[in-house]
Amino acid sequence: MIRPRHRRGARGIGQATAQSLAARGARVWISDIDYAAAQAIAAEIGGHAAPLDVIEPESFRESPVVQPIPGRSRS
C-alpha cells in the first residue's frame, strides 16, 4: 500500500496531488495552516487532516503528520 504524506494539500497543486494519490489508493494526510480547508479536502477524498503552519517550529512538533528522523530528536 502507498502511504505518502503530503504537507500542503488544501489548495492548488497540493490539493490536486492529494486527490490524485487518493484516487490511486494511497492513504493521504493533508495538512495546511487552513485546517478547515484541509479537513474539507480530506473528507472529500477519504483522507486525514492536520493543522500545520510551516513557519512555526512548534507546529511541526505537534503535528501527527511530521515524523521524526530515526535517531534524531524532534526538539
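Every number in this text was worked out from the coordinates using simple rules, so none of it is lab data. The structure presented is a predicted model; accordingly, all values stated were derived computationally and were not measured. Reconstructed Cβ throughout: ideal geometry from the backbone, glycine too, with neighbour counts over all protein chains shown.
What FRET efficiency would be calculated for the residue pair ARG27, ASP53, taking the C-beta separation as r and a Förster radius of 25 Å, to the nearest 0.05? Let's see the in-between values first.
Numbers: r = 23 Å, r/R0 = 0.93.
Once rounded, the FRET efficiency stands at 0.60.
Pop a pseudo-label 7 angstrom from the Cα along the beta-carbon direction at both PHE60 and SER20 and give the gap in nm to one decimal. Simple spin-label model gives 2.6 nm for this pair.
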